[in-house]
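**Student:** Let me begin by handing over the structure; questions about it come next.
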Amino acid sequence: MPLPIGHAVIGITTQRIFSAEGPGSTGWKSLLAVLFLSSLPDADVLLGIVLQGNGNVFHRGPTHSLVFAAIGGFLTARATGLWSRFPKLSFRICFLLILSHVVADFVLTPSPVSFLWPITVNWTSGYTELRHVVDLVLFENYRDAEIIVGCIFLILLHRTFLGVGAMRSAQFIIPFLARSECKATEKAETPAENRT
């Protein structure tokens, strides 16, 4: 089960792989946005604790769905576009960050998520009080070690293939540009030779 650190690392991995700005573009404000969006679906746990004293009462409902990812992604992208204090994030990256949480819960836990809400709704059963949530967040994050190692592997794999792709492109483009330069030089020299 991914805990906050696991979801954060999955979000960072998602941003590194899918962001158009590239892997070196993450400032501290962008990092905060990534951490916030990748943990946003678990706001239902806090809402359940505040309203009913049970973190599971609303857990894995509408906040763990495609609809929530789309609406949350749209609103966040609009908000970051309006306020200059926030880094500008595209709808695509906001959507993918929120969706990364939902997909991680779907793949890495036995409990179902409400992926197709409002068509299907799956609530988490049981009782989770604030003390249990705090214990999980503070003392059980060691469980996310496998997720962290997997995400590091994915980032390195992505960089390797990105580098190989860049080298292949360069290997194709450089000779092409060199041939184009030679042809342009030949065309420029040809009329001058005909005059003499």
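Only the coordinates and a few stated rules stand behind these numbers; no lab work does. All values derive from a computational prediction rather than experimental measurement. All Cβ positions, glycine included, derive from the backbone under ideal geometry; neighbour counts span all protein chains shown.
**Student:** Please order 9, 107 by the number of other Cβ within 10 Å, starting at the fewest.
**Tutor:** 107, 9
**Student:** Right, another one. Report the extension gain between residue 119 and residue 71 in nm, rounded to one decimal, defined as 0.36 nm multiplied by the number of residues separating them, less their alpha carbon distance.
**Tutor:** Working it through step by step, the gained length comes to 15.6 nm.
**Student:** Working from the pairwise distances between different alpha carbons, so that the mean of 1/r is found and then inverted, what is the range 1-135's Kirkwood radius in Å?
**Tutor:** Computed over the range 1-135, the radius equals 15.2 Å.
**Student:** If the chain between residue 36 and residue 155 were fully stretched, how many nm would it gain, using 0.36 nm times the residue separation less the Cα-Cα distance?
**Tutor:** That works out to 40.8 nm of additional length.
**Student:** Any idea how far the Cα center of the range 134-151 sits from the one of the range 57-90, in Å?
**Tutor:** Taking the Cα centre of the range 57-90 as reference, the centre of the range 134-151 is 24 Å away.
**Student:** Which of 63, 80 has the fewest other C-beta atoms within 10 Å, and how do the rest follow up to the most?
**Tutor:** Starting with the residue having the fewest Cβ neighbours, the order is 80, 63.
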